[in-house]
There are 2 protein chains.
Amino acid sequence: MTHVNGVAIQDIYPENVAYCYGCGRLNDQGLQIKSYADGDETVCHFVPRPYHMAIPGYVYGGLIASLIDCHGTGTASAAAYRKEGREMGTEPALRFVTASLQVDFLRPTPMGVALEVRGTIEEVKSRKVVVSATVSAGGEVCAKGKVVAVQMPAHLMPKQEPT
Amino acid sequence: MTHVNGVAIQDIYPENVAYCYGCGRLNDQGLQIKSYADGDETVCHFVPRPYHMAIPGYVYGGLIASLIDCHGTGTASAAAYRKEGREMGTEPALRFVTASLQVDFLRPTPMGVALEVRGTIEEVKSRKVVVSATVSAGGEVCAKGKVVAVQMPAHLMPKQEPT
């Protein structure tokens, strides 16, 4: 996977699809999850906020699911551009949504450290990409997951507002 | 399942495990997801906030996963109390965490309406409960999921602070 010069995959999404609560750069109240190419994998670092707890000391599972979700669709987008031999961010945009999400919580995920999400591309078809992911804290895998991502249907793609 | 007089399952969790970002009544910055018994099922209503979007007009999948997650563990708690013939909220607390979470997104979930999450108990063992769930908007099922919930290990259960 081509490294995108330190630019996050989500930061190259067109503006009209950059409002996602999980990863949209234009959603001021969102999580602003950022994924980067790292060789053939993708990587994301995220520090849960103190209120993102499940029980005191441990991270909320729904946040972990959100990290896997947005990192998965971001990885799918990067994989689809690569398969087409196109530069990330070129039009028409290849933006993916989640068809299914599976998360296995292997052990409690501690608060207070940056989590590392790693994505691996398992399958790339024309409109469907399967990504597996791990979520680690301090080098230990705490959760693993799988995202089946499908290309966003054209009728859902909001019209790009003229700027 | 005994109806708990209109009290949410999560509102009977002991204080020391009531800080969950998804459903803890003591987490002021959390989602405050509330689940109720409804005959043999459980039900939860939640209105996503405007910023909980995936793309404009549609709900963020990570939020849907969070609803299924917390509704699933709440349903598991209620099911475990019922199996033991105990009243909800009695000590020792039966509090569950998620071992695995599966979500299938069947169609885009529209913003601007209350979502209804319905939980069905699929299996109740001594320390493990399996719950299936649907998430509907305007009477149409938009997502379905499954939660494998396991009883919270004693060593993770925070000590109850004297009040």
### Query
What residue among A:114, A:37, A:149 has the largest mean-square fluctuation in a Gaussian network model of chain A, using Cα springs under 10 Å?
A:114
### Task
Could you work out how far apart the two model spin labels at residue A:15 and residue A:140 are, taking each label as a point 7 Å from the Cα in the direction of the beta carbon, and quote it in nm?
4.6
### Summary
the stretch B:1-150 accessible area per residue, 1.4 Å probe, protein heavy atoms, integer Å², reads 39
### chymotrypsin sites (Phe, Trp or Tyr not before Pro) within the stretch B:45-142: DSSP coil, no more than 10 neighbouring Cβ in 10 Å
none
### Query
Hey, what number do you get for chain A at 222 nm if only DSSP H runs of n ≥ 4 count, each worth -39500 (n - 2.57), divided across all residues, to the nearest 500?
-5000 deg cm²/dmol
#### Entry: Long-range Cα-Cα pairs in chain B (distance over 25 Å), rounded percent
27
### Per-copy distances of the residue B:6 label point, shortest first, in nm (7 angstrom along Cα→Cβ)
5.9
### Pseudo-label separations to other copies for residue B:47 - Cα-to-Cβ vector, 7 Å, nm
3.5
### Task
Would you calculate the separation in nanometres between label points at residue B:26 and residue A:43, each defined as 7 Å from the Cα along the Cα-to-beta-carbon direction?
3.8
### Task
Work out from phi, with θ = phi - 60° and the Karplus expression 6.51 cos²θ - 1.76 cosθ + 1.60, the ³J(HN,Hα) of each residue of the stretch A:110-126, listed in order in whole Hz, and give x for Gly and Pro.
x, 6, x, 10, 6, 8, 10, 9, 10, x, 10, 7, 9, 6, 10, 10, 4
### Restricting the stretch B:82-163 to trypsin sites (Lys or Arg not before Pro) in coil, as DSSP defines it, with at most 11 other Cβ within 10 Å
B:125, B:159
### Message
If each label sits 7 angstrom from Cα along the C-beta direction, how far apart, in nm, is residue B:122 from its counterparts in the other copies?
### Response
1.7
### Message
What is the angle, in °, between the Cα long axis of helix A:61-83 and the longest principal axis of the Cα atoms in chain A? Nearest 10 is fine, range 0 to 90.
### Response
30
### Task
Please build a GNM for chain B, connecting alpha carbons under 10 Å apart, and tell me which residue among B:14, B:92, B:48 fluctuates the most.
B:92
### Query
Ignoring any ligand, DNA or RNA, what whole percent of the accessible area of the protein assembly as shown comes from carbon and sulfur when the probe is 1.4 angstrom?
52
### Query
In Å² (nearest 100), what accessible area is buried between B and A, both sides summed, heavy protein atoms only, 1.4 Å probe?
2800
### Protein-only accessible surface order, largest first, of A:45, A:155 at 1.4 Å
A:155, A:45
### Query
Taking the alpha-carbon set of the protein assembly as shown, what are its Rg and Dmax in Å?
19.5, 63
### Task
May I ask you to find the residues of the stretch A:22-68 that are shielded by at least 40 Å² of accessible area once the whole protein assembly is considered instead of their isolated chain (probe 1.4 Å)?
A:29, A:51, A:53, A:55, A:56, A:60
### Query
Which lysines have a Cα less than 29 Å from the Cα of residue A:34, not counting those fewer than 8 places away in the same chain?
A:83, A:125, A:128, A:144, A:146, A:159, B:144, B:146
### Task
Would you look at the GNM of chain B, springs on alpha carbons closer than 10 Å, and say which of B:94, B:63, B:106 moves the most?
B:106
### Message
Quick one: 3J(HN,Hα) in Hz for the stretch A:138-143, Karplus 6.51/-1.76/1.60 with θ = phi - 60°, rounded, Gly and Pro as x.
### Response
x, x, 9, 6, 9, 8
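The values are calculated or read from the model by the stated rules, or taken from the named source; none is laboratory data. Computed from a predicted structure; not experimentally measured. Virtual Cβ from ideal backbone geometry, glycine too; neighbours counted across all protein chains shown. Just so you know, the surface numbers come from the protein's heavy atoms only, side chains and all, with ligands and any DNA or RNA stripped out. Shrake-Rupley method; radii C 1.70, N 1.55, O 1.52, S 1.80 Å.
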